[in-house]
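A.B. asks: Take a look at this one; I'll ask things after.
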Amino acid sequence: MGVGAAARARRHRWHRRLAVPLNQALPQRRLFLLPTRFGAGWAVLVLVLVLFGINYQNTLAYILAFWLFALATVTLLRTWRNLLGIRVSLRLPHEVFAGSEARLGVVVSGGRARTAVEVHGAGTGSVLDLPEGQGESVLAMPAARRGVQPVPLLRVESRWPLGLVRALAWIDADQTLLIYPQPHEDDETFHRRVGAGLEASDFAGLRRAEPGDSPARLAWKQWSRTGVLSTKVFSVPPRQQVWLDYDSCQGDPERRLSTLCARVLVHHSAGDRYGLRLPGSTLPQGQGARQRREALEALARFDPELATPTSTRWQ
């Protein structure tokens with residue numbers, strides 16, 4: 001580990017020790033005030049005015065210096081009170097697939113009106129005004145890989161009203177996101193979705209052709225008679241009872257899990273009864289939202305090396 005990485009790790013551990021749990025009012029001892037560049041320049045200006053007044057016995061310089069100092073003191077107190085006592089809660093997304101973004105709903109409540117409260121996390125941030133004491137923003141957290149991903153530390157801060165100081169605090173979400181594999185559609189999944197391979201008795205009608213339609217599905221005879229190019233439409237394939245098997249997929253483990261994820265989604269949409277076989281574990285056949293959720297969770301938690309069971313319904 002390099003020097004920079006070690007320093008970041010120590011800083012992260014220190015921030016976590018100072019963090020406040022979710023849904024807890026921000027206490028005074030966890031709220032920190034740091035000067036901004038503008039605030040540092042303000043302090044230098046006050047010091048220069050005081051020295052100028054002392055050196056030249058200039059009363060106007062004294063008045064201006066003390067007025068700026070008093071204004072800075074009031075601003076510091078207002079900035080501190082703008083964050084004191086706020087509560088932060090999270091709304092986790094219903095489901096997240098690898099390669100997309102996890103949109104975290106951050107709810108900030110303060111019991112009274114607050115202004116320009118900034119919320120940062122996962123490399124993004126937003127600014128909230130709480131005219132009625134509560135507001136919500138969305139932070140987009142990248143979900144690069146499947147599996148269990150902890151919610152990062154959140155940072156709330158405020159520079160209101162003049163930006164002389166920055167009041168900040170850290171919020172420890174202490175929650176995790178379950179990232180499902182990125183669906184990868186193979187030939188079997190495509191055939192099940194579009195209903196390829198159906199018999200002529202499953203023909204359901206015609207619709208106007210669209211770009212991307214298969215040439216084999218185009219109604220050429222209809223086009224020769226009417227001059228309108230149409231596409232043959234087939235009825236939805238009958239429901240099936242299938243097993244989705246890890247060993248029947250090709251590619252590396254992540255590619256296989258992505259293929260199984262796509263098959264779960266397609267068979268769920270078709271209303272099929274399906275089960276899932278992974279090395280060392282089997283999810284019995286079923287259907288519905290619960291079956292879909294447990295199958296996706298199993299794929300998300302699956303460890304190709306350990307092959308540990310991941311669901312209470314697993315045998």
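The values are calculated or read from the model by the stated rules, or taken from the named source; none is laboratory data. Quick caveat: nothing in here was measured; it's all calculated off a predicted structure. Heads up, the Cβs are rebuilt from the backbone with ideal geometry, glycines too, and the neighbour counts pull from every protein chain shown.
A.B. asks: Would you confirm whether any residue within the stretch 181-201 is in a strand (DSSP E or B) and at pLDDT 90 or above?
C.D. replies: No, the stretch 181-201 contains no residue that is in a strand (DSSP E or B) and at pLDDT 90 or above.
A.B. asks: Next question. Does any residue in the stretch 243-259 that is farther than 12 Å from D303 by Cα come within less than 6 Å, Cβ to Cβ, of a residue that is in a helix (DSSP H, G or I) and of a type in the set (V, I, T) six or more places away or on a different chain, and which pairs are these?
C.D. replies: Final answer for the pair search is C249/T259.
A.B. asks: Looking at R91, is it farther than 19 Å from F38 by Cβ and either of a type in the set (A, V, I, L, M) or without any contact (Cβ under 8 Å) to a residue 40 or more places away in the chain (or both)?
C.D. replies: When the stated conditions are applied, R91 does not pass them.
A.B. asks: Can you go through L104, L76 and tell me which one is at negative phi and assigned to a helix (DSSP H, G or I)?
C.D. replies: Unique residue meeting the criteria: L76.
A.B. asks: Among the residues in the stretch 213-223, are any of a type in the set (S, T, N, Q) and either at pLDDT below 85 or farther than 20 Å from H184 by Cβ (or both)?
C.D. replies: yes
A.B. asks: A further question follows. Can you tell me which of W42, W67 is in the same structural domain as A113 (by TED's automatic domain parsing), farther than 28 Å from P131 by Cβ and touching a residue at least 40 places away in the same chain (Cβ under 8 Å)?
C.D. replies: W42 is the lone residue from the list that is in the same structural domain as A113 (by TED's automatic domain parsing), farther than 28 Å from P131 by Cβ and touching a residue at least 40 places away in the same chain (Cβ under 8 Å).
A.B. asks: Only one of these is closer than 15 Å to P183 by Cβ and modelled with pLDDT under 85: S258, S269. Name it.
C.D. replies: Answer to the selection: S269.
Per-residue answers, yes or no, for (1) surrounded by fewer than 18 Cβ atoms within 10 Å (Cβ to Cβ); (2) modelled with pLDDT of 90 or more; (3) in a strand (DSSP E or B):
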site: R112; (1), (2), (3): yes, no, no
site: A116; (1), (2), (3): yes, yes, yes
site: V119; (1), (2), (3): no, yes, yes
site: E132; (1), (2), (3): yes, no, no
site: M141; (1), (2), (3): no, no, yes
site: V148; (1), (2), (3): yes, yes, yes
site: V156; (1), (2), (3): no, yes, yes
site: L162; (1), (2), (3): yes, yes, no
site: A169; (1), (2), (3): no, yes, yes
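A.B. asks: Here's something else I'd like to know. Being of a type in the set (S, T, N, Q) and in contact with a Gly (Cβ under 9 Å, 6 or more places away or on another chain) is the filter; apply it to the stretch 259-305 and report the residue that is surrounded by the most Cβ atoms within 10 Å (Cβ to Cβ).
C.D. replies: That would be T259.
A.B. asks: With the checklist (1) assigned to a strand (DSSP E or B); (2) modelled with pLDDT of 70 or more in hand, flag the one item A204 doesn't pass.
C.D. replies: (2)
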